[in-house]
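Read through the structure below, which is laid out as structure tokens, and then see the notes.
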Amino acid sequence: SERFQLEPDMVLVAKGITSGYAPLGGILIAERIWGRFYRGQDAPILRHGMTYSGHATACAVAHANLDILEQEQLVQRALELESILDGALAPLAAHPLVQEIRSGVGFLAGVQLVPEADAEAVANSCIDDGGVVVRPLRGNTLQISPPFIVSDEDVELIARTIGQTLDALL
């Protein structure tokens with residue numbers, strides 16, 4: 001939201017807060033929303049929560065994870081990596097089995113394949129033959145969402161493996 005100068009009313013947070021090491025989620029609510037639940041004598045009451053809300057272990061994991069993200073400047077690194085990923089995938093746009101490349105904002109991408117190609121088979125081949133994990137999505141698309149700690153060379157390997165896998169299908 002900062003990047004695009006947005007002021008959202010609500011932001012849902014989950015996997016990223018712990019990097020998936022522990023289950024934790026939450027919602028950040030702007031004061032303009034939550035404030036009405038706590039002002040005045042006739043203010044409604046905001047009742048929410050679940051049995052494991054704010055579990056101490058998950059919160060400790062989140063705290064440590066957020067410290068690592070900050071100390072190792074991984075969010076800034078992901079910002080650098082998004083253009084590297086975009087550039088690495090760009091040549092695939094000309095591949096006859098690729099319908100569209102969606103990348104450039106955020107360190108993730110989608111490679112939509114033509115209907116004749118099977119995204120699930122391509123994803124399996126990328127894993128089995130190239131050691132690269134991509135995930136098939138609806139719409140015959142390969143999801144690419146590497147961890148923030150990958151190297152530039154790892155990003156190139158991802159794009160190269162997808163290209164080689166597609167070439168083998170021709």
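The values are calculated or read from the model by the stated rules, or taken from the named source; none is laboratory data. A quick note: this is a predicted structure, and the numbers were derived from the prediction, not measured. Please note: Cβ atoms are built from the backbone with ideal geometry, for glycine as well, and neighbour counts cover all protein chains shown. The protein model used for the area step is the full one, side chains on, heavy atoms only, and it has no ligands, DNA or RNA in it. Shrake-Rupley method; radii C 1.70, N 1.55, O 1.52, S 1.80 Å.
Some notes on this structure:
- Spin-label model distance (nm) - Val11 vs Ile29, 7 Å beyond Cα toward Cβ: 1.7
- Working from label points 7 Å from Cα in the Cα-to-Cβ sense, the Asp67 to Tyr38 distance is 2.7 nm.
- Rounded to the nearest 500, the 222 nm mean residue ellipticity of the chain from helices alone is -12500 deg cm²/dmol, with -39,500 (n - 2.57) taken per DSSP H run of at least 4 residues.
- Using the 1.4 Å probe convention, the accessible area of segment 18-170 works out to 64 Å² per residue with neighbouring protein chains retained.
- Structure-derived Kirkwood radius over Cα pairs in Å: which label, when the choices are (1) 18.8; (2) 16.2; (3) 22.4: (1)
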